[in-house]
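**Student:** Encoded as structure tokens, here's the structure I'll be asking about.
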Amino acid sequence: MDIESSTQDHYVKQFSVFLINRAGALLGVVKLLEDASIHVLALSIHDSVDVTIVRLIVSDPDGVETLFMERGIPYGTCDLLVVELRKGPEDLSKCFRAFLEAETNIHFAYPVIVRPEGHALLALHLEDTDLGAVVMTNHGFKTLRQKDLSR
């Protein structure tokens, strides 16, 4: 079985938005999305003296791309693997151990705000997302796709 074709539909799109570090900049982006009926499903903020990078998972990635392009908001995108932690904190070490055994690195991770079926979710940017998806499936973890989060 071809790994790429079997796992590509597991990915969730993340937006990295580059904001000038000033009061209200993040609120402006969130309000812009709200006004377009787009929900922020996950959020991670990385602040520095001059600029802030906000990582977002949203309910309507296509709508966000259009909106950001129309408004001239600088952004980048990447694919994330979203993993369901059904047993909560106990699954975290099992998840990380599986990636260690597979010898693939986690570049960054953060929790997802929405909780389909009431389970904790972890968004992961991996060194090798295709391999990560296979590893999670082989270790009994459920991965969510964009369509699972965009309901």
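**Student:** Go through region 33-55 residue by residue and tally those that are assigned to a loop (DSSP other than H, G, I, E, B) and either of a type in the set (Val, Ile, Thr) or within 26 Å of VAL83 (Cβ to Cβ) (or both).
**Tutor:** The total comes to 3.
**Student:** Could you tell me which numbered condition LEU122 fails, if it satisfies all but one of (1) out of contact with any Pro (no Cβ under 7 Å at 6 or more places or on another chain); (2) surrounded by 14 or more Cβ atoms within 10 Å (Cβ to Cβ); (3) part of a strand (DSSP E or B); (4) of a type in the set (A, V, I, L, M, F, W, C)?
**Tutor:** It is condition (1) that LEU122 fails.
**Student:** If VAL64 passes every condition in (1) surrounded by 14 or more Cβ atoms within 10 Å (Cβ to Cβ); (2) assigned by TED's automatic domain parsing to the domain that holds LYS142 but one, which one does it miss?
**Tutor:** Looking at each condition in turn, VAL64 falls short on (2).
**Student:** Look at THR143 and say whether it is within 30 Å of LEU32 (Cα to Cα) and assigned by TED's automatic domain parsing to the domain that holds ASN21.
**Tutor:** Spelling it out, it is not the case that THR143 is within 30 Å of LEU32 (Cα to Cα) and assigned by TED's automatic domain parsing to the domain that holds ASN21.
**Student:** Next question, about the same structure. As an exercise: evaluate VAL30 against (1) in a strand (DSSP E or B); (2) more than 18 Å from PHE141 (Cβ to Cβ); (3) not assigned by TED's automatic domain parsing to the domain that holds LEU122 and give the number of the one condition it does not meet.
**Tutor:** Of (1) in a strand (DSSP E or B); (2) more than 18 Å from PHE141 (Cβ to Cβ); (3) not assigned by TED's automatic domain parsing to the domain that holds LEU122, only one is false for VAL30: (1).
Condition check ((1) of a type in the set (D, E, K, R); (2) modelled with pLDDT of 95 or more) across all residues:
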| position | (1), (2) |
| --- | --- |
| LEU80 | no, yes |
| GLU101 | yes, no |
| GLY118 | no, no |
| LEU121 | no, no |
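**Student:** I'd like the residue in region 105-119 that is surrounded by fewer than 18 Cβ atoms within 10 Å (Cβ to Cβ) and in contact with a helix residue (DSSP H, G or I) (Cβ under 8 Å, 6 or more places away or on another chain) and, out of all such residues, is farthest from VAL58 (Cα to Cα).
**Tutor:** By that ranking, first place goes to ASN105.
**Student:** Kindly check whether there is at least one residue in region 56-75 that is of a type in the set (Val, Ile, Thr), part of a strand (DSSP E or B), in contact (Cβ under 8 Å) with a residue 24 or more places away in the chain and out of contact with any Asp or Glu (no Cβ under 6 Å at 6 or more places or on another chain).
**Tutor:** Within region 56-75, one or more residues are of a type in the set (Val, Ile, Thr), part of a strand (DSSP E or B), in contact (Cβ under 8 Å) with a residue 24 or more places away in the chain and out of contact with any Asp or Glu (no Cβ under 6 Å at 6 or more places or on another chain).
The values are calculated or read from the model by the stated rules, or taken from the named source; none is laboratory data. These numbers were taken from a predicted model, which means no experiment stands behind them. Here the Cβ is made from the backbone with ideal geometry for all residues, glycine too, and neighbour counts use every protein chain on show.
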